[in-house]
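Taking it in order: structure first as structure tokens, then the write-up.
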Amino acid sequence: MLLLSIGLLGLGYLTLAWHIPMDPWTAGEAVNARTMPLVYGTLLCFTAFVLFWRTPASADGPDLGRLMRVAGVLLAAVSFVFVLNFLSLWIALALLIAALACWLGERRLHLILTLMISVPLIGWLGIEIVLGLHLPG
């Protein structure tokens, strides 16, 4: 059931990615605003399919703790998309990293703060400063 949900989430993500509006300058290029979301959605669907194919059926049922961890990660990913509407990409990314680190069991505050500051900062410097691409948000 969980793998089916992940696969459906991947299909929904692919559908939304396919409807990303394109500007006329980059619509005909091989790499554009849809490229990474389409790659991510395809990889998510492929991963769900491979895991479904390779995972043996368990007579005991799924492990509840494992299901909760996966459900929390999926909830964080969906929340990240909604938070993007209200905050900038880099702030939303910092919150996503902190939420995932806490949810997956990291308790060292200095490590969480280092990750949630350094990863968005490196992304901002690399994309917006070095490449000169302004990301809306």
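Bear in mind these aren't lab numbers, they're just calculated from the coordinates by the rules spelled out. Please read all numbers here as calculations on a predicted model, not as lab measurements. For neighbour counting, all protein chains shown are included, and Cβ atoms are generated from backbone atoms with ideal geometry for every residue, glycine included.
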In whole Å, what are the Cα extents of the range 1-55 along the three principal axes, biggest one first?
44, 16, 9
Cα-based helix-to-principal-axis angle, 64-83 vs the chain, degrees rounded to 10:
20
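Mind checking Rg over Rh on the chain, alpha carbons, Kirkwood formula for Rh?
Radius of gyration relative to Kirkwood radius: 1.02.
Run lengths n ≥ 4 of DSSP H only: what is the helix-derived mean residue ellipticity at 222 nm for the chain, with -39500 (n - 2.57) per run over all residues, to the nearest 500?
When only DSSP H runs of four or more count, the value is -21500 deg cm²/dmol.
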Cα long-axis angle, helix 89-103 against the chain (0 to 90 degrees, to the nearest 10):
20
For the ranges 81-90, 104-113, what's the packing order if you count other beta-carbon atoms within 10 Å of each residue, average per peptide, and put the highest first?
81-90, 104-113
Per the Kirkwood treatment, what hydrodynamic radius in Å, one decimal, follows for the range 65-137 from the mean inverse distance over all distinct Cα pairs?
13.1
